[in-house]
Amino acid sequence: MRSRVILHSDLNNFFASVETVLNPEFKGKPLIVCGDPKQRKGVVLAKNEEAKKYGIKTAETVASALAKCPHVLRTGTHFGDYKYYSGKVREIYERFTDVVEECSIDECSLDMTASQRLFGSGVEIAEKIRLAIKEELGLTVSIGVSFNKIFAKLASEMKKPDAVTEIPEIGFEKIVYPLPVTDLLYVGKSTASTLSGCGIRTIGDLAASDEGLLCKLLGKRGRILRKYACGEDDEPVRAHKEKEDLKSIGNSSTLPVSLTDREEIKRWFYVLSESVTGRLREADVGRANTVHIVVRDDNLEDKTWQTKIPPTMLCGEVAETAYKLFCENWPRAKPVRMLGVTISGFDYHIEQMTLGDFLSDGEKRKKKERAEEAVFEIRKKYGFGTLQRGVIIADENLSGLDLRKENQPRSENPKTED
Ligand SMILES: [Mg+2]
């Protein structure tokens, strides 16, 4: 088989960067993007390079970010804007290839194998993309270039921000083998400690290990990880058409470290739900009535659960439902490596009498939905810049809201994340 040319493109500090493009006064100052910047209990969803220098991290509370940097600037989320810029970036990718796989709102895998004759080598194409994104949109990107998806992703992580990094097929060992195994996608802390017990500390150690031993240590995953370490990942870039019969909207994140602390985990559910409900609004498919979660442990095993709720588009309700589902099913001491939230069952704006209408806060909820809707409509009509600051969609703390008793029996069907 002919060698492939795969790019992995990752927009740097995406939410914070878009906020800065739209608000040049943020430039060069520490900035955090939060669900509700007025609430100290709010959660940091994104931060820029300057805020990182103060040690501010995603999913910590606004109060804790302020303790690290009292003058940090705060802004709410504007998913319409992020989606808009994400689409613009995609248009740039599509000048070079139609094989674009969206990994998340700010990350894509691109297959450039067939594009080289027209546009040059993988690195040359990556440079063209990096410059176009910078000049046309004012955003920066880190692009990895390699001969498979795993190494392209690895390369994109090696230099940030605003960089192109190549892991070439010939001589990849020199670059990849000295790196710690944890740099390899899907190797978590506990896997790493299992491996280090056998003296396997670098990706090179992993590649040189006996397959039988790895299978004994890690099960069939041992064989897969060894294949990745040897550069034998042959997963294709899966191009899928946008908005093709939208049935669900999901987002997942590998956590910076494995977590057991319930408060921290809850904040991650808020981070994910914020982006999922933002995209729900953008997709214009009404409200969702099902919340799914996926939780990965340190052994890379995924569990999923789902539950029905009265139709909602509110971040707080999705987050609290997801968190409740998690608490009911996940052992307290078991570390969490990755979390995902997906919503489905869209009502396409069909007005329904819901249980929510009978709740004391049913009316309040409706008003809030209408307010959010109004802001969204104005932005859509008059451009994304018009209603930026000043109007902030309140995302009240809904933890006091009694989640309905309507929960359906849960299905527990372990599967790999999509
Ligand atoms: Mg990014």
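Observations on the model:
- Estimated from the Cβ-Cβ distance and a Förster radius of 25 angstrom, the FRET efficiency linking F119 and K160 is about 0.55.
- Checked against a 22 Å cut-off, the cross-linked pairs K88/K128; K189/K334; K27/K149; K266/K303; K227/K303; K160/K334 give Cα-Cα distances beyond that limit for K27/K149; K227/K303; K160/K334.
- A protection proxy built from the mean count of other Cβ atoms within 10 Å ranks the segments 18-27, 267-276, most packed first, as 267-276, 18-27.
- What separates the Cα centres of the range 32-74 and the range 263-277 is a distance of 15 Å.
Bear in mind these aren't lab numbers, they're just calculated from the coordinates by the rules spelled out. Owing to the predicted nature of the structure, the values given are computational and were not obtained by experimental measurement. All Cβ positions, even for glycine, are placed from backbone atoms using ideal geometry, and neighbour counts span all protein chains on display.
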